Structures are given as C-alpha cells and as structure tokens.
Amino acid sequence: TQETGNTTGNINITRYASLQVDRLVGTATQATYADLAEQYEADSIYAPGTVVIFGGDKEITVSKFTHDPRIAGVVSTNPAHLMNSGLENGTPVALQGRVPCKVKGMIAKGDVLVASGVAGVACKMVKEMYEVGCVVGKALENHTEAGEGVIEVVVGRL
C-alpha cells in the first residue's frame, strides 16, 4: 500500500516489507546482525571472513602481507547496516562491529589481530611489527590450532 502522509496514527507492519521514508525519527533501533559495513569495488569475489586492504586494480583487494597498514576490514557475512548499498557487484566490508574472520595460528580472546602472510587471513599481532593502520580487530574467541580457521572478531577502531 502507499501512504500519502495525510493519515495520523500508528502503522503496524506484521510481515516482511520494504519501507521507504524521507526521514525516520525514532527512539531506538535494533538489528539482528552486528556490523556496520560499506560496499567497495573488489578485484575479485571474496568469501565472507576474508581480510581485505585498500589497493589493487579496484578499491579493495585481498591482504597478502603480514602487518599490512592498508587494512580496509573484513568481508561481511550479514551487515546490520550497509552503506553504499547501491553499488552494483560491491563487496560488503565490515568497518565496525563483530564478524566471522579467517585466522591462522594460536589466538586468545582479546588478542589484537593483523593481516598474516596468508592471503585474506588474520593472525595475532607481533608488537614489534606494529604499524599505524595494520590492526584488523580483536579476537572474541580463542583459536587453539596452529592452522587456519574462522573466529568471531570485533573490527574497527580499537
């Protein structure tokens, strides 16, 4: 249905619907998912959890070097809020919030994560190798194997 704006009262939507408004004013919002993401043009199709950097032929590409300071974020699974959503064939990159992330090596909850030498995979930061911009996020859970896996991380300014 369409509303002209001349009706007063409550509107209840009980089924899935798209809602378009010029201005939305509210007291609080809730989201099922937990990250703020933005669409970027990528060099390739990257799976959710992949660590990406600014660079390459397009806007972003997969990370390949340890402690790379060009970190853009982690490819999002299901963003709670997606900016630049009109970009065709864009890749949603989590800029803030929690997302699954590809990791390697032993990681403890709370460890600071950076790009590893494995393409698209994060690892625990080595303090002596820190550079401004190299942080991917912080681990929200442990990774207890030397190999690769996926864990929840918090990305963004930490």
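The values are calculated or read from the model by the stated rules, or taken from the named source; none is laboratory data. Nothing here was measured: the structure is a model prediction, and the numbers come from that model. Note: ideal-geometry Cβ built from the backbone for every residue, glycine included; neighbour counts use all protein chains shown. What goes into the accessible areas is simple: the full protein's heavy atoms, side chains included, and nothing from ligands, DNA or RNA. Shrake-Rupley method; radii C 1.70, N 1.55, O 1.52, S 1.80 Å.
Could you list the trypsin sites (Lys or Arg not before Pro) in segment 94-158 that lie in coil according to DSSP, counting only those with at most 16 other Cβ atoms within 10 Å of their Cβ? Within segment 94-158, the qualifying trypsin sites (Lys or Arg not before Pro) (loop, at most 16 other Cβ atoms within 10 Å) are 109, 157. Taking a sphere under 14 Å around the Cβ of residue 60 and counting the other residues whose Cβ falls inside, with K and R at +1 and D and E at -1, yields a net charge of -3. Accessible area per residue was computed with a 1.4 Å probe on protein heavy atoms; residue 85 scores about 80 Å². When the alpha carbon coordinates of segment 81-158 are projected onto the principal axes, the ranges are 39, 26, 21 Å, largest first.
Quantify, in whole percent, the carbon and sulfur part of the accessible surface of segment 109-158 (1.4 Å probe; protein heavy atoms only). Intermediate values should be presented prior to the final figure.
Details: 1450 of 2800 Å².
Reported share for carbon and sulfur atoms: 52 percent.
The aspartates and glutamates whose alpha-carbon is closer than 18 Å to the alpha-carbon of residue 104, local same-chain residues fewer than 8 away aside, are 68, 141, 145, 148, 152. Highest GNM mean-square fluctuation, the chain, Cα pairs closer than 10 Å: which of 75, 52, 126? Per the Cα network of the chain with a 10 Å cutoff, 126 tops the list. Accessible surface area normalised per residue over the chain is 67 Å², counting heavy atoms of protein chains with a 1.4 Å rolling probe. Here the Karplus curve 6.51 cos²θ - 1.76 cosθ + 1.60, taken at θ = phi - 60°, turns the phi angles of segment 50-58 into couplings of 6, 7, 10, 10, 6, x, x, 6, 10 Hz, with x standing for Gly and Pro.
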